[in-house]
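Working notes for the structure below.
The values are calculated or read from the model by the stated rules, or taken from the named source; none is laboratory data. Values in this document were obtained by computation on a predicted structure and should not be read as measured data. Glycine gets a Cβ as well: all are built from the backbone with ideal geometry, and neighbour counts include every protein chain shown. All accessible areas refer to the heavy atoms of the entire protein, side chains included, with ligands and DNA or RNA removed. Shrake-Rupley method; radii C 1.70, N 1.55, O 1.52, S 1.80 Å.
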Amino acid sequence: MLVVMIREFVAICTYLEKSNAKKVKGYLIIGRNDLELLLDKNKYLTSLEKLKHWKAMKWIDADSDQTTKKVCIEGKRKRCVKLDISVYETLKELLERAQG
């Protein structure tokens, strides 16, 4: 299941990069509802379970007891999911090596 989670994380980060998602201090930023729509496409776990695992593995930055963190975007603070770009790049490289 870990490989499935890695593939999903990499796919979502790749999608966010291609769609010019906000980047703040080494993180890709997305609203939780928008991310849940992407996560719900693969039904092996609920989106909340996936986010809790991602947080435990430090793939996302979040406040304690949350899967989101307040981020200042265009002068306003709002709760978002912060996906770690360095984790994404490392996992992407490992996947590419494993596949080829």
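Quick notes on this one:
- Only residues that are free of Cβ contacts under 8 Å to residues at least 24 places away in the same chain and either open to solvent by 30 Å² or more (accessible area, probe 1.4 Å) or at positive phi (or both) were counted in region 1-44, giving 16.
- Whenever a residue of region 59-78 is hydroxyl-bearing (Ser, Thr, Tyr), its partners that are open to solvent by less than 100 Å² (accessible area, probe 1.4 Å) and in a loop (DSSP other than H, G, I, E, B), lying with C-beta atoms within less than 7 angstrom and at least six residues away or across chains, give the pairs 68/62.
- Region 53-100 - residue that is under 22 Å from residue 20 (Cβ atoms) and of a type in the set (Gly, Ala, Ser) and, of those, surrounded by the most Cβ atoms within 10 Å (Cβ to Cβ): 86
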